[in-house]
Amino acid sequence: MRVSEATGLLAALLLAASMWFYLQHVMIGHQAAEAAERGIPRGNLSDLYPRWLGTRELLLRHRDPYSSEITEEIQAGYYGRPLDPSLPNDPKDQQGFAYPLYVVFLLAPTITLPFSVVQIGFLWLLVAATMATVFLWLRTFEWHASWATIVTLLLLTLGSFQVLQGLKLQQLSLLVSALMAGSVALIAGEHLVAAGVLLALAAIKPQLVLPLVVWFLLWAASDWPRRKRLALAFGGVMAALVAGAEVVLPGWIGQFRQALSAYREYNDGAWSVLQTLTSPRWGDVLAVLVLLATAGLAWKLRGATAGSPAFHGMTAFVLALTVLVAPKTSPYNHILLLPGVLFVARSRRMLWLRGPIARVSLSVATLILFWPWLAALLVTLLSWLRLTALVEKFWIAPLYTALAIPVAVCALLALSLHVVGESGAEVKSAPASTS
């Protein structure tokens, strides 16, 4: 192992440990103290719990998981008691079953177990899924990294605020990210049917998977004889999931739409990153412009072969764009930025040689990306030195760049795709089969 690799590995270990300490002992400690002072309820706070309880009540007791009665029972576990609208400090998020009903098919094997057991098992499943996500993207990009580099990437991924938050909250976004990574890896290996199946399973969070689905369908349509298996497998599995859910609970689609409307209402419209950075109106305008530009780029690259840099970069860009326009700013969704970060990291030397603008962009984006770890390290040191006043003043510092990170990754990916697109060779599809 080279000295640079050993240094990087030790630095990654230090940053990951600092972030864990910050989240566990500083941030959660601050939130728990504030909750106790203001009377804010805190139960298991597991994002899996509403889905698990709804699944259990539907499949074992034939109760409607979208009903207000189930929502109150969910609140009793998630918050420790049902929410009281008359209490001003109670959370606004009702924690209803705001998922498509077919998520019950994935959770069905767990409904006879105590939730305490399910929690532990699901935590380790998410850890394994996140590690697999790193390996899948490395394989997709054909990045044959040394073991030291791989361990460094795993430490930084599992030790990032975004992933640690997802693990702490037991967020299904981490599982969905692994399913999408698996789908892309299977496409790269020309296993299109299996890729379509995984893509359909990832649709338990439709707002995260929809942009990728649109890109893949456009890609498949550009060479239908060779790529139709991806679209047909995805469509077939989705049809089976939707129909199966309709058998279990007739009319669930209308109830799901109502649950989504209620979710957006009690989450103040569930603003996107672009809306939060600007305003709801200008955020929508920017989203439309970005989506139109992305559609044009996707149309240009639709003929890219599955193993080409153009296909990889476009796929990473679509996932990064999802974080920008999805109606939620939660950092745990930043796991979708991982392929973009890896793609840029792989091509960083090429970007560095593009000139001063590219170098400044790469340097600024790197600082934005690493800021949470650096700030967490600082806050951790202040905590160890028992400088309580400074810890209380700067405890939120690691989140300062949370909204800037998706923008920075999208900007670098756009630059990378521009460089790739200039060659033109990678976007030429193989001749269609005449058989």
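The values are calculated or read from the model by the stated rules, or taken from the named source; none is laboratory data. Fair warning: this is a prediction, and the values are worked out from it, not measured in the lab. Note that we place each Cβ from the backbone using ideal geometry, even for glycine, and neighbour counts take in every protein chain shown.
Just a few scattered comments:
- In segment 236-251, the residue that is farthest from ALA188 (Cα to Cα) out of those that are touching a residue at least 24 places away in the same chain (Cβ under 8 Å) and within 26 Å of the chain's Cα centre (by Cα) is ALA245.
So that you can scan it fast, the table gives a plain yes or no per residue for (1) within 25 Å of VAL104 (Cα to Cα); (2) surrounded by fewer than 19 Cβ atoms within 10 Å (Cβ to Cβ); (3) touching a Ser or Thr at 6+ places or on another chain (Cβ under 8 Å); (4) of a type in the set (A, V, I, L, M):
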residue	(1), (2), (3), (4)
GLY236	yes, yes, no, no
VAL248	yes, yes, no, yes
ALA259	yes, no, no, yes
ALA262	yes, yes, no, yes
ARG281	no, yes, no, no
GLY296	no, yes, no, no
THR305	no, yes, yes, no
THR315	no, no, no, no
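- Cβ-Cβ under 7 Å pairs, at least 6 apart or on other chains, segment 7-23 side within 8 Å of GLY159 (Cα to Cα), far side among the aromatic types (Phe, Trp, Tyr) and surrounded by 15 or more Cβ atoms within 10 Å (Cβ to Cβ): LEU15/TRP373; MET19/PHE161; MET19/TRP373
- Across segment 274-303, the number of residues qualifying as closer than 28 Å to VAL419 by Cα and of a type in the set (D, E, K, R) comes to 2.
Per-residue answers, yes or no, for (1) more than 13 Å from the chain's Cα centre (by Cα); (2) over 16 Å from ASN333 (Cβ atoms); (3) not in a helix (DSSP H, G or I); (4) not aliphatic (A, V, I, L, M):
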| site | (1), (2), (3), (4) |
| --- | --- |
| VAL117 | yes, yes, no, no |
| ALA129 | no, no, no, no |
| LEU136 | yes, yes, no, no |
| HIS144 | yes, yes, yes, yes |
| LEU155 | yes, yes, no, no |
| LYS168 | yes, no, no, yes |
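- Selected residue [within 17 Å of the chain's Cα centre (by Cα) and either under 30 Å from ARG63 (Cα atoms) or in contact (Cβ under 8 Å) with a residue 40 or more places away in the chain (or both)] from GLY159, GLY196, GLY121, GLY96: GLY159
- Which numbered condition SER183 misses (of (1) of a type in the set (Ser, Thr, Tyr); (2) within 29 Å of GLY54 (Cα to Cα); (3) out of contact with any helix residue (DSSP H, G or I) (no Cβ under 6 Å at 6 or more places or on another chain)): (3)
- Residue in segment 309-318 that is in contact with a Phe, Trp or Tyr (Cβ under 9 Å, 6 or more places away or on another chain), aliphatic (A, V, I, L, M), farther than 28 Å from TYR22 by Cα and outside any helix (DSSP H, G or I) present: no
- Sub-8 Å Cβ pairs linking a first residue in segment 292-313 that is more than 17 Å from SER183 (Cα to Cα) and of a type in the set (Val, Ile, Thr) to a second residue that is assigned to a helix (DSSP H, G or I) and modelled with pLDDT of 95 or more, at least 6 apart or interchain, are THR294/PHE317; THR294/VAL318; THR294/LEU321, ordered by first then second residue.
- Test set (1) of a type in the set (A, V, I, L, M, F, W, C); (2) in a helix (DSSP H, G or I); (3) in contact (Cβ under 8 Å) with a residue 60 or more places away in the chain - VAL364 fails condition number: (3)
- Members of segment 377-401 found to be within 22 Å of LEU336 (Cα to Cα) and surrounded by 19 or more Cβ atoms within 10 Å (Cβ to Cβ), listed by number: PRO398
- Residues located in segment 56-78, provided they are touching a Pro at 6+ places or on another chain (Cβ under 7 Å) and surrounded by 20 or more Cβ atoms within 10 Å (Cβ to Cβ): GLU57, LEU58, ILE74, GLN75, TYR78
- Among the candidates VAL193, VAL163, VAL176, residue that is of a type outside the set (Lys, Arg), surrounded by fewer than 21 Cβ atoms within 10 Å (Cβ to Cβ), part of a helix (DSSP H, G or I) and at pLDDT 95 or above: VAL193
- Only listed residue being closer than 30 Å to ALA108 by Cβ, modelled with pLDDT of 95 or more, surrounded by 15 or more Cβ atoms within 10 Å (Cβ to Cβ) and hydrophobic (A, V, I, L, M, F, W, C), chosen from LEU45, LEU53, LEU15: LEU53
- When segment 237-290 is filtered for residues that are within 17 Å of GLN207 (Cα to Cα) and outside any helix (DSSP H, G or I), the ones remaining, listed by number, are ASN267, GLY269, ALA270, TRP271, SER272.
- Residues located in segment 9-67, provided they are more than 27 Å from the chain's Cα centre (by Cα) and within 30 Å of TYR102 (Cβ to Cβ): GLU57, LEU58, LEU59, LEU60, ARG61, HIS62, ARG63, ASP64, SER67
- Condition check for ALA358: at pLDDT 90 or above and out of contact with any strand residue (DSSP E or B) (no Cβ under 9 Å at 6 or more places or on another chain): no
- LEU186 being surrounded by 21 or more Cβ atoms within 10 Å (Cβ to Cβ), without any contact (Cβ under 8 Å) to a residue 60 or more places away in the chain, within 18 Å of HIS312 (Cα to Cα) and out of contact with any His (no Cβ under 9 Å at 6 or more places or on another chain): yes
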